[in-house]
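J.: Here's a structure for you.
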Amino acid sequence: MGKVKLFLVLAIFAAVVGVFLFIFPFGSKTIKIVNLNTVLEPAADEVENSSDNTAEISQEVQTPDLKKDFTEINNTEENKKEKINTTDKQENNDKLKITGKYVFWGYEKAEGRSIDTIIIHSSYNALGGDAYDVDKLVKEYKDYGVAPHYLIDRKGNIYKLVDEKNIAYHAGESQTPDGRSNVNNFSIGIELMNTKEDKFTDAQYNSLNKLLKDLKDKYEIKYVLGHNQIAPGRKDDPWNFNPLQITN
């Protein structure tokens with residue numbers, strides 16, 4: 001019995017020592033039990049210890065300025081978009097835009113005619129009201145039984161009244177510098193809306209140059225003349241026209 005009691009005492013003692021070592025291991029920090037539902041905050045002594053190193057850490061680790069970085073990225077992207085948009089606008093500006101406004105008078109059908117001359121005219125609505133009313137001007141052409149191939153309004157809009165292959169009645173009695181008459185037969189007529197008092201707009205010159213380039217790409221153009229140059233003394237248009245604005 002004495003040995004049994006001694007064994008039981010040693011066993012209990014060993015168990016107590018084991019539990020104590022498990023809860024309070026040597027060389028380790030105190031285990032804190034916290035409620036995970038609460039906000040975890042550093043202990044006061046940890047705050048004091050860390051505050052001494054704050055300046056040093058802040059110098060070594062720089063927090064990125066995300067706002068600045070994204071602004072720079074956006075600026076870069078915007079610049080790219082702006083360049084693309086500018087290019088697109090330039091390409092659109094260089095494109096020739098023509099609106100069909102075909103008439104059934106003032107021309108005769110033709111096939112395979114040789115075109116080497118372009119005649120520039122100016123005209124306006126003299127029927128009353130807005131001098132630059134396109135529809136009234138076209139009606140005036142009808143009243144006189146004439147028509148150009150193209151008409152350019154004050155905003156630079158280009159209207160096609162007669163197909164290039166057909167002979168439009170725009171020049172009348174006329175002669176080119178090389179002595180050829182019946183200029184309608186081998187020319188294309190372009191009317192620009194303007195009065196004798198006004199000047200042509202930049203938009204009109206811009207559209208005229210685009211149209212001239214297109215025509216010169218299609219035909220071997222020998223002359224680009226004003227109506228007054230093929231019918232001097234009879235016609236004095238295009239009024240106030242600046243030939244230096246012709247770039248094509």
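Every read-out reported here was derived from the displayed coordinates using simple, explicitly stated rules and does not represent laboratory data. Fair warning: this is a prediction, and the values are worked out from it, not measured in the lab. Cβ coordinates were reconstructed from backbone atoms using ideal geometry, including for glycine residues, and neighbour counts include every protein chain displayed.
J.: Taking the alpha-carbon centroid of each part, what is the distance from region 176-248 to region 103-146 in angstrom?
T.: Each part's Cα centre sits 14 Å from the other's.
J.: Show me 150-162, 176-188 ranked by packing, highest mean number of other Cβ atoms within 10 Å first.
T.: 150-162, 176-188
J.: Related question: Need the full-extension length gain, Glu164 to Asp94, defined as separation in residues times 0.36 nm minus the C-alpha distance. One decimal, nm.
T.: 23.1 nm
J.: Can you tell me how much longer the chain between Lys142 and Leu127 gets when fully stretched, taken as 0.36 nm per residue apart minus their C-alpha distance, in nm with one decimal?
T.: Length gained, Lys142 through Leu127: 4.2 nm.
J.: Computed FRET efficiency, Cβ-Cβ of Ala110 and Glu197, R0 45 Å: what is it to the nearest 0.05?
T.: Once rounded, the FRET efficiency stands at 0.75.
J.: Related question: How far apart, in nm, are the 7 Å Cα→Cβ label points at Arg234 and Thr247?
T.: Placing both labels 7 Å along Cα→Cβ, they lie 3.5 nm apart.
J.: Among 210-221, 115-126, what's the highest-first ranking by average C-beta atoms within 10 angstrom per residue?
T.: 115-126, 210-221
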